[in-house]
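The values are calculated or read from the model by the stated rules, or taken from the named source; none is laboratory data. Computed from a prediction, not measured in an experiment: that's the story for all the values here. Here the Cβ is made from the backbone with ideal geometry for all residues, glycine too, and neighbour counts use every protein chain on show.
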Amino acid sequence: MVVGTIIGASIFVQPSVISAQVPSKTAVFLVWAIAGVLTLFGALVAAELASAFPRSGGVYVFLKEEFSPAFGFLWGWAMFWTMHSGIIAAIAVVFARYVGQFVPLDDTGVRAVAIAGIIVLSGINYLGVKPGSIVQTAITFGKVLAILIMIAVGFSLGSAAPEPVVQAADPSALAISPRDFALALVAGLFAFGGWHMVTYAAGETLEPRKTIPRALLIGTLVVTASYIALNAVYFHVLPLATVISSTRVAADAAEAVTGAGGAAAVSGLVIFSTFGALSGIILAGPRVYYSMARDGLLFRWVGAIHTRYRTPYRAIILQAIWSSVLVATGTYRALFTRVIYTEWIFFGLMAFGLFLLRRRPGYAPLYRVWGFPVVPAVFVIASGIIVLNQIFADPLESASGLLLVAVGLPIYYIWIRRQHSDEGAPTGEHH
């Protein structure tokens with residue numbers, strides 16, 4: 001579940017984004033390694049919280065318990081408008097880019113195919129959890145298969161590539177700034193996105209004290225090793241300049257090794273993988289919206305369950321509509337950047353809240369973070385650096401994203417006041 005949730009679409013695109021930001025192979029590998037370590041630290045924090053609060057909703061539940069329902073509401077608010085819907089939109093764009101390997105697509109065509117993918121998979125999840133989970137499980141094997149094939153073929157046949165294997169060091173690599181490195185790290189962290197979704201199943205896990213931390217540790221290490229190996233393949237068969245300029249680096253690497261046939265085969269596997277990632281994320285989101293509606297922090301009708309299919313169908317429809325709007329109006333880079341710096345504000349708060357919980361009487365998690373307080377402290381500091389660096393690097397875009405989150409706070413208090421007013425209103429015609 002850990003590997004299947006994290007490995008999605010971004011590893012087939014993000015290496016180009018990272019290489020453009022830090023044009024040095026050493027720096028690129030360092031970015032992937034640090035992103036893996038930070039993901040592991042965050043996952044361990046989430047594992048403790050999930051063992052203490054094993055309910056549907058993940059980070060929403062954690063923030064609500066650590067601070068107040070207002071923080072949980074803000075997570076759900078940002079999740080719908082920016083974070084979760086943005087992930088869906090960004091992965092759908094990657095899916096459409098690789099479809100372009102088979103059918104020529106301009107920018108409008110890419111957006112149309114991405115939206116179509118969102119609608120189809122939302123429809124499958126609308127019809128029930130079982131169809132959605134069957135699709136997700138089957139396609140998870142496709143993700144792993146795609147990576148294993150690319151690593152094996154790349155290293156075994158890479159010497160046949162027409163491009164020179166050894167590239168001269170780029171002089172600009174010597175001038176990589178801390179800001180550029182941090183921006184590259186944001187791109188790397190997006191490829192590790194989804195680790196917190198694993199905690200949604202905490203309540204159904206056997207022996208969570210051992211199972212969740214072990215799964216997160218092994219899963220994160222497997223993903224990190226896979227990502228580093230894939231990047232090694234890309235650099236083994238492609239010049240650094242080609243990796244930087246590519247929009248389909250996995251297909252370009254396959255074409256360099258085996259020709260057009262190899263590019264088509266890898267593109268097919270990537271399409272398979274991204275379709276599966278999209279399916280799982282579309283399935284996960286409505287759980288949080290359902291939990292919020294059940295807790296009275298969202299319109300009750302949003303959490304309505306379909307009488308026949310037993311799915312939160314209205315939440316699925318709303319999520320599909322807004323994700324499609326984001327595809328139609330945003331670029332891929334803007335989407336993943338907005339997702340990361342917004343999410344990591346909440347991830348940092350989640351880890352900070354752990355220090356508060358440890359001092360609270362009655363707090364008794366089944367699992368406790370290894371390396372406390374160092375691990376959560378490093379995670380909190382890293383979260384702050386990531387967010388602040390993004391704000392300084394792109395103040396306008398950051399301000400618009402932060403404003404969207406901040407707007408949720410007055411809306412929350414208006415919502416609560418209205419609820420209390422309704423509960424206190426007398427029955428009868430005046431009500």
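At a glance:
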read-out	value
Ser85 vs. criteria of a type in the set (S, T, N, Q), assigned to a helix (DSSP H, G or I), more than 26 Å from Asp252 (Cβ to Cβ) and modelled with pLDDT of 90 or more	yes
Residue among Ile414, Ile386, Ile381 that is under 17 Å from Ala70 (Cβ atoms) and out of contact with any Asp or Glu (no Cβ under 9 Å at 6 or more places or on another chain)	Ile414
Residue ID - farthest from Val222 (Cα to Cα), chosen from residues in segment 4-42 that are outside any helix (DSSP H, G or I) and of a type outside the set (Val, Ile, Thr)	Pro23
Top-ranked residue of segment 225-253 - restricted to ones that are aliphatic (A, V, I, L, M), in a helix (DSSP H, G or I) and touching a Ser or Thr at 6+ places or on another chain (Cβ under 8 Å), ranked as farthest from Pro15 (Cα to Cα)	Ala251
Complete set of residues in segment 193-224 that are part of a helix (DSSP H, G or I), hydrophobic (A, V, I, L, M, F, W, C) and at pLDDT below 80	Met197, Val198, Ala201, Ala202, Ile212
Matching option when the condition is at pLDDT 90 or above, closer than 21 Å to Met79 by Cβ and touching a helix residue (DSSP H, G or I) at 6+ places or on another chain (Cβ under 9 Å), among Gly330, Gly401, Gly348	Gly348
Looking only at segment 348-379, and only at residues there that are among the aliphatic types (A, V, I, L, M) and crowded, with 21+ Cβ neighbours inside 10 Å, the one that is nearest to Val59 (Cα to Cα)	Met350
Near pairs, Cβ below 6 angstrom, 6+ apart or cross-chain, from segment 362-374 (among the basic types (Lys, Arg)) to any residue that is surrounded by 12 or more Cβ atoms within 10 Å (Cβ to Cβ) and not in a loop (DSSP other than H, G, I, E, B)	Arg368/Glu48
Meets criteria (crowded, with 23+ Cβ neighbours inside 10 Å and either in contact with a Lys or Arg (Cβ under 8 Å, 6 or more places away or on another chain) or of a type outside the set (Asp, Glu) (or both)) for Leu298	no
Evaluation of Gly4 against (1) within 13 Å of the chain's Cα centre (by Cα); (2) at pLDDT below 90; (3) small (Gly, Ala, Ser); (4) buried (at least 24 other Cβ atoms within 10 Å of the Cβ) (one fails), failing number	(4)
Boolean, Ala393 is touching a residue at least 40 places away in the same chain (Cβ under 8 Å) and among the aliphatic types (A, V, I, L, M)	yes
Filter result (modelled with pLDDT of 90 or more and outside any helix (DSSP H, G or I)) within segment 372-398	Phe372, Pro373
